Structures are given as structure tokens and as C-alpha cells.
Amino acid sequence: MSRQGCNPIGLTYVEDALDMICTKYNLRRISPHGLRHTVASILLARGETLVTVAKILGDNPNTILKVYVHSFEKDEIKSIDLMNQFANG
């Protein structure tokens, strides 16, 4: 029993759940790690802060920044365009 009074889940619970969902809905299989990356990328693309994403993933904001820096390229382009508009005024 865990501290909350529930039985601990099995070691393959997440893998088994993903297999069942993918089979049921005829989806391409994604690993738990891949799912984690997908969630982080979607949240960052939608403007969630590094701190929020890090908390959701149970990680450090610096790690999120290093791993998902590609997610910020769109924001960089938007900022450059904004500065160009300002400069060309």
C-alpha cells in the first residue's frame, strides 16, 4: 500500500495503457518518453511558461530550455519581425 492507501501500479502499467489506447483507436504507438516530449512541445508552442511546463513534467526549467529550445524558434522569428516593423516604422 502507498501513503495514500492505494496499491502501487505495476511496472508496465503505463506501457500497457498506451498499448491498449493505441490498439483501440488504431493510433501509431508512442513511447511514454515520446508522449512526454509531445506534451512539452505542445504546451510551449501554446505559450506556457518554462516554469509551468517544468512543474507539469517534474523537471527543472533549465532542462526544459535545453531540451526544447527548438520550440522557441517561432517566437524568435516573431520578435525579429516585430523589431523590423519598429525599425522600418
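The values are calculated or read from the model by the stated rules, or taken from the named source; none is laboratory data. Nothing here was measured: the structure is a model prediction, and the numbers come from that model. All Cβ positions, glycine included, derive from the backbone under ideal geometry; neighbour counts span all protein chains shown. These area figures cover heavy atoms from the full protein model, side chains too; ligands, DNA and RNA do not enter into them. Shrake-Rupley method; radii C 1.70, N 1.55, O 1.52, S 1.80 Å.
So which of 21, 42, 30 ends up being over 30 Å from residue 78 (Cβ atoms) and hydrophobic (A, V, I, L, M, F, W, C)? If you could, list the steps in order and put the result at the bottom.
Numbers: 42 fails: over 30 Å from residue 78 (Cβ atoms); 30 fails: over 30 Å from residue 78 (Cβ atoms).
Sole residue among the options that is over 30 Å from residue 78 (Cβ atoms) and hydrophobic (A, V, I, L, M, F, W, C): 21.
Among 57, 35, 44, which is within 12 Å of the chain's Cα centre (by Cα) and in contact (Cβ under 8 Å) with a residue 24 or more places away in the chain? Explain how you work it out, then say what you get.
On the way: 57 fails: in contact (Cβ under 8 Å) with a residue 24 or more places away in the chain; 35 fails: in contact (Cβ under 8 Å) with a residue 24 or more places away in the chain.
So the residue among 57, 35, 44 that is within 12 Å of the chain's Cα centre (by Cα) and in contact (Cβ under 8 Å) with a residue 24 or more places away in the chain is 44.
Has the range 49-61 got any residue that is among the basic types (Lys, Arg), in a helix (DSSP H, G or I) and open to solvent by 90 Å² or more (accessible area, probe 1.4 Å)?
Scanning the range 49-61, I find at least one residue that is among the basic types (Lys, Arg), in a helix (DSSP H, G or I) and open to solvent by 90 Å² or more (accessible area, probe 1.4 Å), so the answer is yes.
Which number in (1) open to solvent by 90 Å² or more (accessible area, probe 1.4 Å); (2) outside any loop (DSSP other than H, G, I, E, B); (3) touching a helix residue (DSSP H, G or I) at 6+ places or on another chain (Cβ under 9 Å); (4) modelled with pLDDT of 90 or more marks the one condition that residue 28 misses?
Condition (2) is where residue 28 drops out.
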